[in-house]
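Some notes on the structure that comes next.
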Amino acid sequence: MPQVRLRYPLLNGRLVPYALAGLGLSYGELNDIKQRGLALTFSHLKNYTVGGALGLGIEYFVARNIAVGMEAKYEILRDHVFEIQGQRTRANLDTVMTTLGFRVYFGESWFRGH
């Protein structure tokens, strides 16, 4: 999903909070049926719909091109259509994700080394 980030560098660019938003195509499928569901007849289990994302994050540059950070993102995945035993139903597969990680930037980074 393509995303746009609005960054607001602080501390000479070493600390970078940001907000993100994205819009793209969401693919939904049911491929993990538990033992209780084996007797049900599933069909039309794969489909596409429009999806979106909203989130906040922060990065701290420990070196000129290496940052550690945290991000929280809400992915909006609505109106997937599934058919179970001949009945069509719609499902919302919204997700909240929190990630910790590091990034290595190749080329110019936000931190200028002041």
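Take the Cβ-Cβ distance between V4 and A63 as r, set R0 to 25 Å, and report the resulting FRET efficiency rounded to the nearest 0.05. Using R0 = 25 Å, I get an efficiency of 0.45. In this simple spin-label model, placing a label point 7 Å from the Cα along the Cα-to-Cβ direction at both T98 and L56 gives a separation of 1.2 nm.
Each value in this text was obtained by applying a stated rule to the coordinates, not by laboratory testing. Just so you know, these numbers come straight off a predicted model, no measurement behind them. As a convention, Cβ positions derive from the backbone with ideal geometry for all residues, glycine included, and neighbour counts pool all protein chains shown.
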